[in-house]
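Participant: Quick one: structure below, then a few questions.
The values are calculated or read from the model by the stated rules, or taken from the named source; none is laboratory data. Note that this is a predicted model, so its numbers are computed, not measured. Ideal geometry is used to build each Cβ from the backbone, glycine not excepted, and the neighbour counts take in all protein chains shown. With ligands, DNA and RNA removed, areas are computed over all heavy atoms of the protein, side chains included. Shrake-Rupley method; radii C 1.70, N 1.55, O 1.52, S 1.80 Å.
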Amino acid sequence: MTVDTQLTFWQQAKIQGRVIWALTMREVITRFGREGLGAFWLIAEPAMFIVGVMVIFSHIEAHATYSIAEYLAVSYPTLLFWRNGTGRVTKALEINRSLLHHQPIRPIDIIYSRILLEFSGAAGSAFVLYLIFIQLGICHWPADVLTMALGYLLIIWFSFAFVLIMAALAELSETVERVSHIILYLMLPFSGVFIPLYAVPEQFRDILLYFPLVDAVEYFHDGYYGARMTTYYHLDYTLFVILIMTLFAYAMTNIAIRRVQSS
């Protein structure tokens, strides 16, 4: 199959959209198979992580000034985007090098398809569990739906840029690939997931606010909790840093793609 170079931008975008969707479906079948629960695991796996963490940490409920179960039910799903996404996208180009012999498939399409799959599973499981937790009385409806949604999109945007950077660096350096899981663990204290900023001493809080992910999660918390929880964030700074991260991510990805294509 060849692609006509005279196609309009929207025609080319439509073709690449079909390519990314086909690659995503291929990845679903490869990972989950066609039998048993199949693609249901796409939502079930993240959901099991979320519920497991809630159960493990619920024993400290009596020592907290807020509901641990509610806090983790809302916060922990945000961690799955950048953590699980990085694990699945690392070395994706090298593993799927044979697919690049098909002309419509671009290297970036392989990365997009894996990111789409991971992000869909994380968002889907969080949405389903959130509705269930509301019915069980663990969670409540958000104080400000728009702020919560915008905060969630900021987290997804950060995760997208971060995953692209990690994928590119892993293709360029075997060392990055091998230490990527260590980097992900070291990021946990700077994720804004396990401890709300109001509970952090002020001198450390100011330092944490330099990390855009913390700001994005706090903005997300502001939308969900409203007046029930004091939140801290610098929205302008967060938008600027994530934009720079995105530009850097695409620059590094282009370098990694050229390296793969020339090897």
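Participant: So, with a 1.4 angstrom probe, what is the percent of accessible area on the chain that is carbon and sulfur? Write down the numbers at each step before the final one.
Facilitator: Details: 9240 of 13960 Å².
That share works out to 66 percent.
Participant: Using a 10 angstrom cutoff on alpha carbons, build the Gaussian network for the chain and name the most mobile of A13, A123, A170.
Facilitator: Between A13, A123, A170, it is A13 that shows the largest mean-square fluctuation.
Participant: When all C-alpha to C-alpha distances in region 112-222 are sorted into bins of 5 Å, what percent of pairs does each bin hold, rounded to whole numbers?
Facilitator: Reading upward from the zero bin: 2, 10, 15, 20, 20, 16, 10, 5, 2, 0.
Participant: How large is the helix-only mean residue ellipticity at 222 nm for the chain, computed as the sum of -39500 (n - 2.57) over DSSP H runs with n ≥ 4, divided by its residue count, in deg cm²/dmol to the nearest 500? Provide the component values of the computation, followed by the final result.
Facilitator: Values: 10 runs with 188 residues, N = 263.
Theoretical 222 nm ellipticity from helices: -24500 deg cm²/dmol.
Participant: Kindly report the accessible area of the chain per residue (heavy atoms of protein chains, probe 1.4 Å, no ligands, DNA or RNA), in Å². Mind showing how you got there, number by number?
Facilitator: On the way: 13960 Å² over 263 residues.
Normalised by residue count, the accessible surface of the chain is 53 Å².
Participant: What does the convex hull of the Cα atoms come to per residue for region 173-244, in Å³?
Facilitator: On the way: hull volume 7.7 nm³, N = 72.
It comes to 106 Å³ per residue, whole-number rounded.
Participant: Here's another thing I want to ask about it. Viscosity 0.692 mPa s, temperature 37 °C: Stokes-Einstein D of region 72-167 from its Kirkwood Cα radius, in µm² per second? Before the final figure, lay out each step's value.
Facilitator: On the way: Rh = 14.8 Å.
For these conditions, the coefficient is 222 µm²/s.
Participant: Choose one answer from L79, L169, L247: the residue with the largest mean-square fluctuation in a GNM of the chain with alpha-carbon springs under 10 Å.
Facilitator: Highest fluctuation of the listed residues: L247.
Participant: Considering the chain as a Gaussian network with a 10 Å cut-off on Cα pairs, which listed residue, R88, R26, R114, attains the greatest mean-square fluctuation?
Facilitator: In the Gaussian network model the winner is R26.
Participant: Of the listed peptides 149-159, 42-52, what is their order by residue-averaged count of other C-beta atoms within 10 Å, with the highest listed first? All intermediate terms of the calculation are to be shown ahead of the outcome.
Facilitator: Values: 149-159: 20.5, 42-52: 18.1.
Listed from highest to lowest mean packing, they are 149-159, 42-52.
Participant: Right, here's the next one. Quick check on region 119-160: take the gyration tensor over C-alpha atoms, sort the square-rooted eigenvalues as a ≥ b ≥ c, and tell me if it's rounded (a/c under 1.5), prolate or oblate. Don't skip to the answer; put the middle values down first.
Facilitator: On the way: a/c = 3.62, a/b = 1.41, b/c = 2.57.
Note, shape of region 119-160 comes out oblate.
Participant: Still on this structure, I have one more. More than 33 Å apart: what percent of Cα pairs in the chain qualify?
Facilitator: Values: 8773 of 34453 pairs.
Considering the chain, 25 percent of its Cα-Cα pairs are separated by more than 33 Å.
Participant: Quote the Stokes-Einstein diffusion coefficient, in whole µm² s⁻¹, for region 78-125, based on the Kirkwood radius over alpha carbon pairs, a temperature of 25 °C and a viscosity of 0.890 mPa s. Don't skip to the end; give the middle numbers.
Facilitator: On the way: Rh = 11.3 Å.
In µm²/s, the coefficient rounds to 218.
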